[in-house]
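Written below as structure tokens is the structure these notes are about.
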Amino acid sequence: MTLSNVDLMRLAKHYKVQLHGVYMKDTLRTMVPKANNNYIVNLESTVNENGTMNRGSHWVAIACTKHDCMYFDPFGSPAPKDVQFFILKKYPRFGTNSKEIQALRSVYCAWFDLMFFMYIKKKSIISFYETCNQFTNSFELNRDMNDLVVRKFFREITPKHPIAIDKLHI
């Protein structure tokens, strides 16, 4: 099940994820990324071309350290221009993942993002980018199986958390 921005803020707090905020991509235009912060971004703009509020489409993650920044999309797609512009305000270059780990019909994008933040926080390998790469490589090639991997991960770390149980249909 999809998560709202309010759900994401609550879950980040519960899982102790340093989350600067949850944003629609167009709201990043006036912001500058802050070191040692994480961002969850919806790839839709706040308002569509008809002036109607968008409900959101797909959540992606941005993880920033003092010197490095990583754009993570569970679909493995490159960062859209609004997101690139945001990151490049502070970082001269940034990493991205290209491996698709989320199935196209899956609605677990925000759960993949939260898991990504939790993974890179706990793992300390050769480099920040290597840690990010190790995260995506830990998933199955069969993308349909990866929702189960995410569900199992969150079920094991918080079996009684009401938001997680409700949203994961456990």
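The values are calculated or read from the model by the stated rules, or taken from the named source; none is laboratory data. Computed from a prediction, not measured in an experiment: that's the story for all the values here. Don't worry about glycine lacking a Cβ; one is built from the backbone with ideal geometry, like all the others, and counts go over all protein chains shown. All accessible areas refer to the heavy atoms of the entire protein, side chains included, with ligands and DNA or RNA removed. Shrake-Rupley method; radii C 1.70, N 1.55, O 1.52, S 1.80 Å.
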- request: Would you mind checking region 86-108 for residues with the amide N under 17 Å from a putative spin-label position 7 Å along Cα→C-beta of S127?
  value: 91-98
field: Cα centroid separation, region 14-34 to region 42-86 (Å)
entry: 10 Å
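How far, in nm, would the chain grow between V107 and R93 when pulled straight, counting 0.36 nm per residue and subtracting the alpha carbon separation? Don't skip to the end; give the middle numbers.
Details: separation 14, 0.36 × 14 = 5.04 nm, distance 2.95 nm.
Net length gain for the segment: 2.1 nm.
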- line: Heavy-atom accessible area per residue of the chain, all protein chains kept, 1.4 Å probe, expressed in Å², is 54 Å²
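Just to verify a number: FRET efficiency for S77 and M9, C-beta to C-beta distance, R0 = 22 Å, to 0.05?
Given R0 = 22 Å and the Cβ-Cβ separation, E is 0.35.
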task: With the full set of protein chains in place, find how many percent of the accessible area of the chain is carbon and sulfur; take the probe as 1.4 Å.
output: 53 percent
Environment charge of D26, counting only residues whose C-beta is closer than 11 Å and scoring Lys/Arg +1, Asp/Glu -1: +1
field: Residue of N142, N133, N37 that the Gaussian network model of the chain assigns the largest fluctuation, springs spanning Cα pairs under 10 Å
entry: N142
- line: Under the 7 Å Cα-to-Cβ spin-label approximation, E44 and K16 lie apart by a distance in nanometres of 3.5 nm
field: Estimated 222 nm signal from helices in the chain, with DSSP H stretches of n ≥ 4 weighted -39500 (n - 2.57), rounded to 500
entry: -11500 deg cm²/dmol
